[in-house]
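Participant: The structure under discussion is supplied below as structure tokens; questions concerning it will follow.
The values are calculated or read from the model by the stated rules, or taken from the named source; none is laboratory data. Please read these numbers as outputs of a predicted model, since none were measured by experiment. Counting neighbours? That spans all protein chains shown, and the Cβs are built from the backbone with ideal geometry, glycine included.
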Amino acid sequence: MPETAARAPDPSPVLDVTDLKKHFPIYKGVLRRQVGAVYAVDGVSFSIRAGETLGLVGESGCGKSTVGRTVLRLTDPTGGAIKVDGEDITHRSRKDLRPYRRQLQIIFQDPFSSLDPRMSAGDIVGEPLKVHGLADATERRQRVAALFDRVGLRKAQMNDYPHQFSGGQRQRIGIARALALRPKLIVGDEPVSALDVSIQAQVLNLMMDLQKEMGLAYLFISHNLAVVEHISHRIAVMYLGRIVEYTDKRTLFTSPQHPYTESLLSAVPVPDPTIKRQKRVLQGDVPSPVNPPKGCHFHTRCPYAVDRCRVEAPALREVKPGQLAACHLR
Ligand code: SF4
């Protein structure tokens with residue numbers, strides 16, 4: 001399986017991922033013999049600098065959430081390397097990972113199920129400080145109050161429980177919890193997908209303000225290109241475990257080079273009624289990552305596929321300055 005690459009020019013990124021793979025083995029029978037694997041992430045490389053957002057976009061099942069979980073070491077990688085501030089954390093034990101856990105945080109999609117309903121909002125936000133032994137009860141309360149203030153919640157709400165908040169407010173609690181340890185990088189796994197459209201922009205703007213203020217790096221995972229466009233500096237498009245296109249936001253939206261990116265973009269509504277975008281509806285579903293198509297993974301749905309595409313996987317390479325795409329025809 002070929003390696004894919006999406007590199008930032010900065011030689012010292014906060015997060016540097018090389019040829020990351022995550023294959024989930026499939027076992028069968030009484031003897032639990034391995035009969036195959038789910039190739040969820042299959043050779044993905046990228047890096048993210050301080051103050052930068054890399055948007056990771058693709059359809060459901062393309063492996064983008066698994067990338068997020070694997071770089072945080074919530075699940076162990078099958079191959080590749082993960083570096084945080086230049087330190088290789090790929091094979092560190094749970095104990096040795098502890099200092100890095102503070103630097104890497106996550107905001108989940110569903111703010112309700114990710115918050116313990118039996119804990120007050122203040123305790124939820126303060127819990128990471130308690131777990132890492134970073135503040136006594138009094139200091140913890142002060143720091144939590146400051147975090148509430150910073151994410152637009154009232155200090156008086158610290159004693160309320162998750163069910164007493166709206167969806168947008170619950171996601172603000174999730175953001176405050178992620179900020180408690182003053183991380184360097186936050187993985188947002190579809191962080192606004194469960195929110196009303198009117199609330200999504202507020203939460204995205206809050207994340208952008210926090211980034212400017214604190215120099216945070218974001219890995220922003222979403223199936224929604226419009227959302228990714230709003231917050232990202234660079235965008236990596238994923239298809240069946242691989243990055244198929246990577247470039248800066250403006251170039252991706254004005255001059256996409258991969259047929260899959262073209263199809264995704266054609267489905268994004270354009271706010272200007274004078275601009276008509278030709279809709280290209282993708283045929284069929286994403287093939288199973290258990291048995292991905294040979295050659296170019298996208299050939300079963302690509303309108304331009306030729307014989308070569310069915311046997312040879314295209315490498316992710318620079319097709320225009322600063323723009324990488326994995327397609328034989330570019
Ligand atoms: Fe389509 Fe072939 Fe390009 Fe894959 S390599 S995107 S199948 S034209």
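Participant: Restricting attention to the stretch 114-132, does a residue exist that is in a strand (DSSP E or B) and of a type in the set (A, V, I, L, M, F, W, C)? Talk me through it step by step, then tell me what you get.
Facilitator: First, the residues of the stretch 114-132 that are in a strand (DSSP E or B): none.
Taking every residue of the stretch 114-132 in turn, none turns out to be in a strand (DSSP E or B) and of a type in the set (A, V, I, L, M, F, W, C).
Participant: Then there is this: Yes or no: V268 more than 16 Å from the ligand (Cβ to nearest atom), under 24 Å from L219 (Cβ atoms), at pLDDT below 95 and in a loop (DSSP other than H, G, I, E, B)? Give the derivation first.
Facilitator: Numbers: more than 16 Å from the ligand (Cβ to nearest atom): yes; under 24 Å from L219 (Cβ atoms): yes; at pLDDT below 95: yes; in a loop (DSSP other than H, G, I, E, B): yes.
Yes, satisfied.
Participant: Also, I was wondering about something else. Take the stretch 48-63 and flag every residue that is surrounded by 23 or more Cβ atoms within 10 Å (Cβ to Cβ) and modelled with pLDDT of 95 or more. First the steps, then the outcome.
Facilitator: Step one: list which residues in the stretch 48-63 are surrounded by 23 or more Cβ atoms within 10 Å (Cβ to Cβ), which gives 48, 53-58, 62-63.
Once the filter is applied, which keeps residues that are surrounded by 23 or more Cβ atoms within 10 Å (Cβ to Cβ) and modelled with pLDDT of 95 or more, the stretch 48-63 yields I48, T53, L54, G55, L56, V57.
Participant: Something else: Give me the residue from the stretch 224-256 that is assigned to a loop (DSSP other than H, G, I, E, B) and buried (at least 22 other Cβ atoms within 10 Å of the Cβ) and, out of that set, farthest from the ligand (Cβ to nearest atom). Can you show your working first?
Facilitator: Residues of the stretch 224-256 assigned to a loop (DSSP other than H, G, I, E, B): 224, 232-233, 240-241, 255-256.
Filter once more, keeping what is buried (at least 22 other Cβ atoms within 10 Å of the Cβ): 232, 240-241.
Working: S232: 22, L240: 11, G241: 14 Å.
Looking at residues that are assigned to a loop (DSSP other than H, G, I, E, B) and buried (at least 22 other Cβ atoms within 10 Å of the Cβ), I get S232.
Participant: Quick one: would you say L147 is within 23 Å of R73 (Cβ to Cβ) and among the hydrophobic types (A, V, I, L, M, F, W, C)? Walk me through it before giving the result.
Facilitator: On the way: within 23 Å of R73 (Cβ to Cβ): no; among the hydrophobic types (A, V, I, L, M, F, W, C): yes.
The answer is no for L147.
Participant: Would a scan of the stretch 172-192 turn up a residue that is of a type in the set (D, E, K, R), part of a helix (DSSP H, G or I) and closer than 22 Å to L204 by Cα? Spell out the reasoning first.
Facilitator: In the first step, residues of the stretch 172-192 are kept if they are of a type in the set (D, E, K, R); the result is 172, 177, 182, 184, 189-190.
Those left that are additionally part of a helix (DSSP H, G or I): 172, 177.
Next cut, closer than 22 Å to L204 by Cα only: 172, 177.
Among the residues of the stretch 172-192, at least one is of a type in the set (D, E, K, R), part of a helix (DSSP H, G or I) and closer than 22 Å to L204 by Cα, which makes the answer yes.
Participant: How many residues does the stretch 282-321 contain that are within 16 Å of the ligand (Cβ to nearest atom), at pLDDT below 90 and within 17 Å of V237 (Cα to Cα)?
Facilitator: Qualifying residue count for the region: 3.
Participant: Of the residues in the stretch 285-329, how many are of a type outside the set (A, V, I, L, M, F, W, C), more than 18 Å from G43 (Cα to Cα) and buried (at least 17 other Cβ atoms within 10 Å of the Cβ)?
Facilitator: Qualifying residue count, the stretch 285-329: 4.
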